[in-house]
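The values are calculated or read from the model by the stated rules, or taken from the named source; none is laboratory data. Computed from a prediction, not measured in an experiment: that's the story for all the values here. Cβ: placed from backbone, ideal geometry, glycine included. Neighbour counts: every protein chain shown. Accessible surface is based on the protein model in full, side chains and every heavy atom, while ligands, DNA and RNA are left aside. Shrake-Rupley method; radii C 1.70, N 1.55, O 1.52, S 1.80 Å.
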Amino acid sequence: MPTIARSVIRVAAGAALLGLALLGVATPAAAQPAAAQPAAAQPDIEVHRAAAERLIAAALRDSAAYARLTQLVDRHGNRPSGSARLERAIDWIVAELERDGFDDVHTEPVRVAHWVRGAESATLLTPRVAALPMLGLGRSVGTPPNGITAPALVVRDFAELRRRASEARGRIVVYNHPFDTTANPFVAYSQAVQYRAYGVDSAAALGAVGVLIRSVTPHSLRTPHTGGLSYADTARRVPRIPGAAITVEDAEMLQRLQDRGERLTVRVTMGARTLPDAPSRNVIAELRGSERPDEVVVIGGHIDSWDVGQGAVDDAGGSVVAWEALRLIKQLGRPKRTVRLVLWTNEELGLSGALAYRDAHRAALANHVLAMESDNGVFAPSGLLFSGAEGGLPLVRRIASLLHGVGVDSVALSGPEADVWALNDRGVPTIAINTDPSRYFWYHHTDADTADKLDPREMARCVAVMAVIANTVANMDGRLHGPTPASP
């Protein structure tokens, strides 16, 4: 995994960043494969083809998943960690899961970060007055009530900031780092998100009074993108300064003005504040296994979102796909192993839901036979991404052969998504759906993250993929081999 690895994953939290690993960037878990599974132990997958075809047909029959998604996000909107909206959404989900007739529907307590945006604005004052659409970055401190007014210094990257260190004192540093549109979007994101994660400390160390970053996206209609930042200097050797995101268009405008020799003055006002950690919950529902109930296949997504848009792409869509997959498996019949739906809380601001699930179920992790999360957008699926022993790839490829009818035709060894990382780190194999990445970062963490950005047919195909994999692994003889667990 690149140098931004785990600390940034916890800041950016999200599939988006862990999508790096999903695309083949090495992770600690993927770099330590366990012994290959003996060929003699390979189960017969063909016996599961009829069940797979029934699940695919059921998933593609209608738009049930999309209908439930719209009901969730239209009724409850976005669901930021620590908010009453998130807790009301969880209450509604629990009631609906009970109505669906699943086993052991319950919640498990989690303490979560509670950051509140407050009123905010950014304004260019010289060489002309212009409003700059902006979104404060999660965990940012606020400004004084009257804001911060200061000259701006625009830099392309950390190297330029170092070269111009003497100019940074007393200024608002603007990071205008472009998103590489020639690279895979998740790889490009990993490069650009460093400025969101670490930009505040790097600028504050040189005496800057605030930071504005170019939104981390390949496509903009003057839409700012939020996300988490990190005050990594816990020793507080540098002050904590406010950080916010502006649009691609405005970052480029400021760059042009500076390049022409214009003096830039900007005022930033932010009411952001971090409140004490708040109580929240992971949501659990399952189909109890008929023969090996203590062996568990986990499927899920994260139910929290940022406080903009509807949080439909990130990640109500993934949560509902897993929910619908469990519903279709229930219609098919009780599996041999338990299939458990987990909707994690607080993925966006620290993964505390994922860590709480790991800790609450630590004694049973050896019997977690697979974990799947959908958090890279439920766009068109094209393959599977496996994090486990390299010798398990042939078995995953045979499982994938059941999915050719929904466009899945590749399997790769890679790293886990965000909420299942903590399980993978303890030796649980994971599979993710490799979905079309081309539009994910258009909407990611913006007001444009709304239900209409998802296609009901593509979402249904993702339901089919998750249902077939979960049902097959829950019923097959033998099991996948996970990575070598990390040291406690």
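Between the range 170-241 and the range 431-462, how many Å separate their Cα centres? Taking the Cα centre of each part, the range 170-241 and the range 431-462 sit 24 Å apart.
In a fully extended conformation the segment linking residue 187 and residue 106 would gain 25.4 nm over its present Cα-Cα distance, using 0.36 nm per residue.
Where the only charges are on Cβ atoms (+1 Lys, Arg; -1 Asp, Glu), what is the dipole of the range 266-332 about its Cα centre, to the nearest 20 debye? Mind showing how you got there, number by number?
Working: 7 positive and 10 negative charges, 44 e Å.
For the range 266-332, the charge dipole is close to 220 debye.
Sorted on the mean count of surrounding Cβ atoms within 10 Å across their residues, most packed first, peptides 49-55, 158-164 read 49-55, 158-164. At full extension, residue 219 and residue 436 could sit 76.6 nm farther apart than now, given 0.36 nm per residue minus the alpha carbon distance.
Any idea how far apart residue 404 and residue 96 come out in nm if each label point goes 7 Å out from Cα toward Cβ? Reported label-point gap for residue 404 and residue 96 is 3.5 nm. For the chain, relative contact order (Cα pairs under 8 Å, six or more residues apart, normalised by length) works out to 25 percent. On the beta carbon distance between residue 160 and residue 390, with R0 = 45 Å, the FRET formula returns roughly 0.65.
By average Cβ neighbour count within 10 Å, what is the ranking of 63-70, 281-288 from highest down? Display every interim value, and only then the final one.
On the way: 63-70: 20.0, 281-288: 23.5.
Ranked from most to least packed, the peptides come out as 281-288, 63-70.
The spread of Cα positions in the range 106-154, taken along each principal axis and listed from longest to shortest, comes to 57, 21, 19 Å. In whole Å, what is the distance between the alpha-carbon centres of the range 66-114 and the range 347-382? The two parts, judged by their Cα centres, are 17 Å apart.
Nearest 20 debye, what's the magnitude of the dipole of the range 195-289 about its Cα centre given +1 on Lys and Arg Cβ and -1 on Asp and Glu Cβ? Spell out each step's value before the answer.
Values: 13 positive and 9 negative charges, 41 e Å.
Using only the charged Cβ atoms, the result is roughly 200 debye.
Here the calculated FRET efficiency for residue 331 and residue 260, from their Cβ-Cβ distance with R0 = 51 Å, stands at 0.20, rounded to the nearest 0.05.
Semi-axes of the equivalent ellipsoid for the range 38-118, computed as √(5λ) from the eigenvalues of its C-alpha gyration tensor and ordered from largest down, come to 36, 20, 14 Å.
Net charge around residue 243, counting only other residues with Cβ within less than 15 Å of its Cβ (Lys, Arg = +1; Asp, Glu = -1)?
Here the charged neighbours net out to +4.
Between residue 50 and residue 294, the modelled label-to-label distance comes to 3.2 nm, taking each label 7 Å out from Cα in the direction of the beta carbon. FRET efficiency for the pair residue 236 and residue 452, taken as 1/(1 + (r/R0)^6) with r the Cβ-Cβ distance and R0 = 35 Å, rounds to 0.20. Between the C-alpha center of the range 285-342 and that of the range 245-262 there is a gap of 45 Å. Of the residues 305, 410, the one with the largest accessible area comes first in the ranking 410, 305, computed with a 1.4 Å probe on protein heavy atoms. Restricting to Cα atoms and excluding each atom paired with itself, what does the Kirkwood estimate give for the chain in Å? 22.8 Å is the Kirkwood radius here. Of all the Cα-Cα pairs you can form in the range 128-240, what percent are over 25 Å apart? Roughly 20 percent, once rounded to a whole number.
Can you tell me the 0 to 90 degree angle between the C-alpha axis of helix 84-100 and the longest principal axis of the chain, rounded to 10? Once rounded, one gets 10 degrees. Solvent-accessible area of residue 202, all protein chains in place: 40 Å² (probe radius 1.4 Å, heavy atoms, ligands and nucleic acids excluded).
Under Stokes-Einstein, with the Kirkwood radius over Cα pairs standing in for Rh, what whole-number D in µm²/s applies to the range 192-295 at 25 °C and 0.890 mPa s? Kindly include the intermediate steps, with their values, before the conclusion.
On the way: Rh = 17.2 Å.
So the translational diffusion coefficient is about 143 µm²/s.
Principal axis extents of the Cα atoms in the range 113-191, from largest to smallest and rounded to whole angstrom, are 41, 36, 24.
Using the heavy atoms of the protein chains alone and a 1.4 angstrom probe, what is the accessible area of the chain per residue in square angstrom? Don't skip to the end; give the middle numbers.
Values: 17120 Å² over 488 residues.
The answer is 35 Å² per residue.
This model, with +1 at the C-beta of Lys and Arg and -1 at the C-beta of Asp and Glu, gives the range 303-373 a dipole about its Cα centre of some 780 debye. For the chain, the longest principal axis of the alpha carbon atoms and the long axis of helix 456-475 meet at an angle near 50°.
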